Each structure stands twice: as C-alpha cells, then as structure tokens.
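Coordinate-derived values only; no laboratory data. In this text, all values refer to a predicted model and were calculated from it rather than measured experimentally. Note: ideal-geometry Cβ built from the backbone for every residue, glycine included; neighbour counts use all protein chains shown.
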Amino acid sequence: MALLAYAQQRLRSFLGELDRAAESDFPYPDSRKALELLRAQFRAKLKQLEDFTADSDPNVVSQQCQITLRDLFLFLPFIGFIVRSTELRNAFEAFGPFLRLAVDVLEPGTKLANRKIQLVISSEWNYSPHMYDRIQNLDDFLFIGLPAPESGNPLLLPLAGHELGHAVWHYDDMRGSLQEPARAAIVDAIRGNWEEYIRIFAIENLKPDQIDNDLAALATWRLALNSCISQAEETFCDFLGLAIFGESYFYAFGYLLSPGLGSRSYRYPEIVTRVSHLVAVAKALGAEAPADFVKLFEKEVYASASAADRFLIEIADEALEKLIPELCERTLAVIKKSALATKSIEQTKLILDRFKRVAPAENCRTIADMLNAAWMAYNSNDLWSEYPSMQKRKLEVLKEVVLKNLEIFEIERIQSE
C-alpha cells in the first residue's frame, strides 16, 4: 500500500533529523530532554505503522497515516527551535536564572531539583518575542523565543517575563475565569453605543436587554469578546513582566517596540493605549515609569477593516478599560503567591556601582535588580566617559558584564543549595 509506505518513510526521515539534532552540543539539559521525548514519541508512531499488515483495516491505516502527517507538521518547527537553542548567539548565562524565576512563579516553594517545569530558550527568526506551552506530549515545557539579532542581549530579558505571563495565564485558566467579566463589559459597551450598533448590524426588533441572549445578536459581537479577552491576556502579561522586573521592563519594551508598527491588530491593545496602561499601573506594581515614556510611541490605525469590525474592536477596547483594575489585582496576586525575592533600589544602586567599574556584582538577590542596574548604566550618558574607546562600545561591553553577572548569580545559587 503506497499510502502506508509513504507514511513510514516520512517518519524514518523525520527520525533521522531528530538523530542529527541529538548530535548537537546541549548547554543545558532541558533541550535534550525535549528532543528525547520527541524521538520516543515518533519511534512509537513508526512502530505502529510498521505493525500494520495487508489484512489491516484500510480506514484505520489511512487514519493513522493522517495523524502522523499532522504531527510532522506540528513538531518539525520544534526541532528547529531546539537546535537553535544550542547556538552560540543565545545568552546561555541567562538560562539558569530565568529557569529559577519561572519555577518561583509557576511552582512556588518547589526545589529546583523537583521542578516539573522544563525550559527551552532559543533565538527565533521572528522579531516579536513569543512563547509556546501546553504542547502535545511536551506539557511541562516552556519554549521561549527571542528575536535572533537580540537573543544574546541580556538587557531584553525582562520581555521574557511577558512570555512567562502567558504560561501563568494558561496554568491558572484566566481566560475561563475572565469570560463572564469580559462578556458583561462587552454587553455594557454595546448598550452604551446602541444606536451605532443597530445601524451597523440592523437586527430587527432587538432590544438592549436582549443583546446577551438573542442568538442572532450573540453572533454579531463574538469578535469583540474574543478581541477583549486576547487583549486582556496581553495586558496581564505586560503587567506581570513589569511587576517582576520593574523599570527594566519599560526600557526593554521601548527598545524593542517603539514607536510601534503603525497598523492595529485586534489581538493586541492599540500600542499607545497599551503603554498608557503600563504607566497607569506602574506604582501599584512596584515600578516607576520613565518620564515621557508614552511619547516614544505613535498611535496605531486599522490597516483595513469593515465598519462592523471597526465597531467591534472599539467595543473590545472600551470593555478592556473596565478589566484593567482586575488584571492589576490578578498580577499582584500572582506576585504574592510566588517565591520571588523582592526588588530593591538599594541593591540596584550597589550593582550599578560595580557596573560603573566594569565589574559584575556578587551576592545579587534578584535578576530584576541586576537588569534595572544595567538599564540605569545604559541610560547614563557619562558611563565610562573616562574610557572613550569603551564608551563607544557601551552596549557591547555592558552586555558582557551583565552576562558574567548572570553566570556568577547562578553559581552562587548552586553553591547555596
């Protein structure tokens, strides 16, 4: 049967690629663990196909061939991700400290040796940092991708805090628990814009009190609800990154994303609104916004959208505003439940003093203090002014100092265990 032979050969080729990937030099064990799990999974799939005989039910054979083909499409990108995690462009020194941070947030009170969380950090050919989790048969793995040109830049590590927020969002099922508050906010926003809603959607004889139970009406505002919840997730992740890292989150965000892309996505808050929310909650989350931070960004516009879609996204934006206090409270609850050490401006200043001397600091309490000091150093116009050649290479030298500090930080943690 050609169908079965094709499927078997595809799996053999896929396993061959996994074998080649396994020959890489892995700087930390989690990448290798992910690869070994994939090898075991696809070897089992190949054996299942090889166990079929001429008497096997053709429908069952076809179904299994289809399933394995889907899995090839699903998992091939992760082989590339794992291989890229071994490349020298990555900041390997950041792996241990960030893994500890992830365990402190997702498994508070758990010793590192007993953790379930597995972490793979890799460079990606995508300029937006992102994370994959809840992957079939890799449930405990967090795959965090950073843009390749910046994957070795430790000053951008606070943005990985945003990606960690997505894991918290999924682990705590915040989408489910926010469904009703978001729905209520959408309904209130539509009722507050009733005439425009009726003009656009023209549902005959619909009354404002029927908007949340009429089937035809429900279908009209599903996009608004999905947009609102998606925006709420991104906002929560911003808040968590800010709560964990403090001011360095602002600077990393501004460095990578200002002034914005110009066009609006329904999945994200409009960029000026997004950073305005960050500034508004900064003090509540233990941070101080840089002066004129919002002015780094330019308002985004809709690239192309129908009148109906534009109305629904604006309704989603209005509903999101009502969820901001709750998202802030949820962020504070996560921080309170976590095992994170408290940030300290005194510690940050001590570390900054060492950076001014082009030296890493010992006995740092948090990587947040370290990265806040790094951004203070970077933003100092007179840093290393007595060394003109070094000052010209300020970012490159600072990266090396911070990476060395992360390495020392991890060694000190290992020694204390």
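Quick look at the numbers
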item: R0 of 56 Å, Cβ-Cβ distance Gln63-Trp194: FRET efficiency to nearest 0.05; result: 0.65
item: Net charge, Pro154 excluded, C-beta distance under 11 Å - Lys, Arg +1, Asp, Glu -1; result: -2
item: Alpha-carbon gyration tensor eigenvalues x 5, square-rooted, for the stretch 1-68, Å; result: 29, 11, 8
item: Residue (of Pro290, Gly262, Ala252) at the positive-pole extreme of the stretch 171-337, dipole from beta-carbon charges; result: Ala252
item: Cα-Cα over 29 Å, subset of Lys45/Lys337; Lys343/Lys392; Lys45/Lys111; Lys33/Lys111; Lys33/Lys404; Lys111/Lys343; result: Lys45/Lys337; Lys343/Lys392; Lys45/Lys111
item: Helical mean residue ellipticity (222 nm; -39500 (n - 2.57) per DSSP H run of 4+; nearest 500) of the chain; result: -20500 deg cm²/dmol
item: Label-point separation in nm, Thr342 to Lys283, each point 7 Å along Cα→Cβ; result: 1.9 nm
item: Fraction of the pair-distance distribution of the stretch 15-134 above 25 Å, Cα-Cα pairs, percent; result: 38 percent
item: Total formal charge among the other residues, if their Cβ is under 12 angstrom from that of Asp214, Lys/Arg +1 and Asp/Glu -1; result: -2
item: Along each principal axis, Cα extent of the stretch 112-255, largest first, Å; result: 61, 35, 27
item: In order through the stretch 19-36: 3J(HN,Hα) via Karplus (6.51 cos²θ - 1.76 cosθ + 1.60), integer Hz, x for Gly, Pro; result: 4, 5, 5, 5, 7, 5, 8, 8, x, 8, x, 5, 4, 5, 4, 4, 5, 5
item: Vicinal HN-Hα couplings computed from phi for the stretch 197-209 (Karplus, 6.51 cos²θ - 1.76 cosθ + 1.60; Hz; Gly/Pro x); result: 4, 5, 4, 7, 9, 6, 8, 5, 6, 7, 9, x, 6
item: Radius ratio Rg over Rh of the chain, counting only Cα atoms, Kirkwood formula for Rh; result: 1.03
item: Leading residue at positive end of dipole, the chain (Cβ point charges), from Tyr387, Ile324, Ile313; result: Tyr387
item: Student exercise, the chain dipole from Lys, Arg, Asp, Glu Cβ charges, in Debye to nearest 20; result: 760 debye
item: The stretch 339-411: GluC sites (Glu not before Pro) falling in loop per DSSP and having at most 16 other Cβ within 10 Å; result: Glu362, Glu386
item: Low-density loop cleavage sites - trypsin sites (Lys or Arg not before Pro) in the stretch 111-170, where at most 12 other Cβ are within 10 Å (DSSP); result: Lys111, Lys116
item: Kirkwood Rh in Å, taken over all unlike Cα pairs in the stretch 171-337; result: 16.9 Å
item: For the stretch 345-416, the spread of Cα positions along each principal axis, largest first, Å; result: 39, 21, 15
item: Centroid-to-centroid separation of the stretch 1-78 and the stretch 175-253 [C-alpha atoms, Å]; result: 41 Å
item: Within the chain, longest stretch clear of exposed chymotrypsin sites (Phe, Trp or Tyr not before Pro) (DSSP loop, no more than 14 other Cβ within 10 Å); result: 128-417
item: Residues His277, His170, His162, sorted so that the one with the fewest Cβ neighbours within 10 Å comes first; result: His170, His277, His162
item: For the chain, with +1 on Lys and Arg beta carbons and -1 on Asp and Glu, the positive-most of Ser416, Leu4, Ser230 along the dipole; result: Ser416
item: Sites Lys295 and Ser385 - FRET efficiency at Förster radius 35 Å, r taken between beta-carbons, to 0.05; result: 0.80
item: ³J(HN,Hα), Karplus 6.51/-1.76/1.60, whole Hz, each residue of the stretch 260-274, x for Gly, Pro; result: x, 8, x, 9, 9, 9, 5, 7, 10, x, 4, 4, 5, 5, 4
item: Environment charge of Glu107, counting only residues whose C-beta is closer than 9 Å and scoring Lys/Arg +1, Asp/Glu -1; result: +1
item: Assigned charges on the beta-carbon of Lys, Arg, Asp, Glu; the stretch 171-337 dipole about Cα centre (debye); result: 240 debye
